[in-house]
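Novice: To start, I am sharing the structure in question, which I have written as structure tokens.
The values are calculated or read from the model by the stated rules, or taken from the named source; none is laboratory data. These numbers come from a predicted model, not from an experiment. Reconstructed Cβ throughout: ideal geometry from the backbone, glycine too, with neighbour counts over all protein chains shown.
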Amino acid sequence: MPNWTDPQITVPPSTTTGTRPILLDAGLRSYMRSIYNYMASGVLLTGIVALLFASSGYAQKAMMTPLRYVIILAPLGFVMALSFGISRLKTSTAKALFWAFAVAMGLSLSTIFLVYTGTSIAQTFFATAAAFAGLSLLGYTTKKDLSVFGTFLIMGVVGLIVAMLINLVLQSTALQLAISIIGVLLFAALTAYDTQKIKDIYFQAQSSQFVEKSVVMGALTLYLDFINMFTLLLQLMGNRR
């Protein structure tokens with residue numbers, strides 16, 4: 001859940017007269033549509049790269065060499081570059097980094113095609129897509145302020161990462177099951193939370209340049225929620241080869 005709020009943004013004066021609310025509503029729909037389009041295109045690009053890399057045979061070979069560490073860690077590098085450098089990056093550079101990240105994630109996720117059957121991957125993907133759509137819609141339409149859950153969700157992500165690192169040593173099946181179940185629920189909640197947060201960012205942004213950057217960062221945030229929910233759900237639902 002990247003922290004990408006621009007410190008230079010100020011909240012515009014609220015207004016309830018004239019055509020301003022109508023314009024804001026139309027602008028918000030366009031803004032969210034752009035984010036969803038970027039996010040969906042990124043997921044599609046990741047899937048294509050993952051499938052091609054796995055079917056070529058290079059994925060299996062690469063994972064048997066030290067190159068696997070580069071493939072696994074590269075996506076994290078792109079996320080950090082975007083999250084911490086967005087205020088200094090040009091919009092075109094931010095977009096390029098997002099597409100590069102999607103490709104890097106495709107290379108990293110190619111191993112799922114070596115571990116799980118194609119049918120179970122497809123079933124899990126569509127189940128995740130349906131859940132994501134419903135949860136994101138909830139975050140977009142709800143009147144309840146979800147920001148109160150922010151600290152709890154961040155602590156949950158940190159705890160989940162710690163548990164994953166511990167299980168790299170323990171290799172516990174029971175712990176892995178718990179991680180998968182809790183992780184799915186956690187990223188489901190984050191999908192609704194992040195959607196509302198992205199919506200709020202739009203109303204705070206006055207700079208058209210930052211609005212364009214926030215589209216990229218919003219897409220990245222929802223992309224990460226989707227991919228994490230998908231991979232964790234695959235560990236629960238997937239049939240191994």
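Novice: Tell me whether segment 202-213 contains one or more residues that are of a type outside the set (S, T, N, Q), in a loop (DSSP other than H, G, I, E, B) and out of contact with any strand residue (DSSP E or B) (no Cβ under 6 Å at 6 or more places or on another chain).
Specialist: As a first pass, look at segment 202-213 and keep what is of a type outside the set (S, T, N, Q): 202-203, 205, 210-213.
Add one more test, that the residue is in a loop (DSSP other than H, G, I, E, B), and what stays is 205.
This time we only want the ones that are out of contact with any strand residue (DSSP E or B) (no Cβ under 6 Å at 6 or more places or on another chain), so: 205.
For segment 202-213, residues of a type outside the set (S, T, N, Q), in a loop (DSSP other than H, G, I, E, B) and out of contact with any strand residue (DSSP E or B) (no Cβ under 6 Å at 6 or more places or on another chain): present.
Yes or no, residue by residue, for (1) out of contact with any Phe, Trp or Tyr (no Cβ under 7 Å at 6 or more places or on another chain); (2) surrounded by 13 or more Cβ atoms within 10 Å (Cβ to Cβ); (3) among the β-branched types (Val, Ile, Thr):
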| position | (1), (2), (3) |
| --- | --- |
| LEU51 | no, yes, no |
| LYS61 | yes, no, no |
| LEU73 | yes, no, no |
| ALA81 | yes, yes, no |
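Novice: Continuing with the same structure: Mind listing whichever residues of segment 104-122 are buried (at least 16 other Cβ atoms within 10 Å of the Cβ) and more than 19 Å from SER41 (Cα to Cα)?
Specialist: The answer is THR111, ILE112, PHE113, TYR116, SER120.
Novice: If SER110 satisfies all but one of (1) of a type in the set (Gly, Ala, Ser); (2) in contact (Cβ under 8 Å) with a residue 40 or more places away in the chain; (3) closer than 24 Å to ILE198 by Cα, what's the number of the condition it fails?
Specialist: Unmet condition: (3).
Novice: Quickly run through segment 83-103 and pick out the residues that are surrounded by fewer than 16 Cβ atoms within 10 Å (Cβ to Cβ), hydroxyl-bearing (Ser, Thr, Tyr) and part of a helix (DSSP H, G or I).
Specialist: Across segment 83-103, the qualifying residues are SER83, SER92.
Novice: Could you list all residues from segment 162-178 that are β-branched (Val, Ile, Thr) and surrounded by 11 or more Cβ atoms within 10 Å (Cβ to Cβ)?
Specialist: Listed by number, the list holds a single entry, ILE166.
Novice: Considering segment 30-64 alone, what residues qualify as being in contact (Cβ under 8 Å) with a residue 60 or more places away in the chain, closer than 14 Å to PHE113 by Cα and among the hydrophobic types (A, V, I, L, M, F, W, C)?
Specialist: Correct list: VAL49, ALA50, LEU51, ALA54.
Novice: Got a number for residues in segment 106-159 being among the hydroxyl-bearing types (Ser, Thr, Tyr) and not in a helix (DSSP H, G or I)? Please lay out each step first, then the result.
Specialist: Residues of segment 106-159 that are among the hydroxyl-bearing types (Ser, Thr, Tyr), as a first pass: 108, 110-111, 116-117, 119-120, 124, 128, 136, 140-142, 147, 151.
Restricting the remaining residues to those that are not in a helix (DSSP H, G or I) gives 110-111, 116-117, 142.
The qualifying residues number 5.
Novice: Which residues, counting only those in segment 123-151, are at pLDDT below 95, more than 26 Å from SER30 (Cβ to Cβ) and out of contact with any helix residue (DSSP H, G or I) (no Cβ under 8 Å at 6 or more places or on another chain)?
Specialist: VAL148, THR151, listed by residue number.
Novice: Of the conditions (1) under 18 Å from the mean Cα position of the chain (by Cα); (2) within 29 Å of PHE84 (Cα to Cα); (3) of a type outside the set (Ser, Thr, Tyr), ALA130 satisfies every one except a single condition; which number is it?
Specialist: All conditions pass for ALA130, except number (2).
Novice: With the structure loaded, tell me whether ASP225 is modelled with pLDDT of 90 or more and either out of contact with any helix residue (DSSP H, G or I) (no Cβ under 8 Å at 6 or more places or on another chain) or assigned to a helix (DSSP H, G or I) (or both) or whether it fails that test.
Specialist: Details: modelled with pLDDT of 90 or more: yes; either out of contact with any helix residue (DSSP H, G or I) (no Cβ under 8 Å at 6 or more places or on another chain) or assigned to a helix (DSSP H, G or I) (or both): yes.
So ASP225 fits the description; yes.
Novice: Next question, about the same structure. If I filter segment 80-126 down to residues being among the hydrophobic types (A, V, I, L, M, F, W, C) and over 23 Å from LEU52 (Cα atoms), which single residue comes out as farthest from the chain's Cα centre (by Cα)?
Specialist: LEU89
Here's the yes/no breakdown for (1) touching a Ser or Thr at 6+ places or on another chain (Cβ under 6 Å); (2) closer than 29 Å to GLY238 by Cα; (3) buried (at least 17 other Cβ atoms within 10 Å of the Cβ):
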{"residue": "TYR140", "(1), (2), (3)": "yes, no, no"}
{"residue": "GLY150", "(1), (2), (3)": "no, no, no"}
{"residue": "VAL157", "(1), (2), (3)": "no, yes, no"}
{"residue": "THR191", "(1), (2), (3)": "yes, yes, yes"}
{"residue": "ASP200", "(1), (2), (3)": "no, no, no"}
{"residue": "SER214", "(1), (2), (3)": "no, no, yes"}
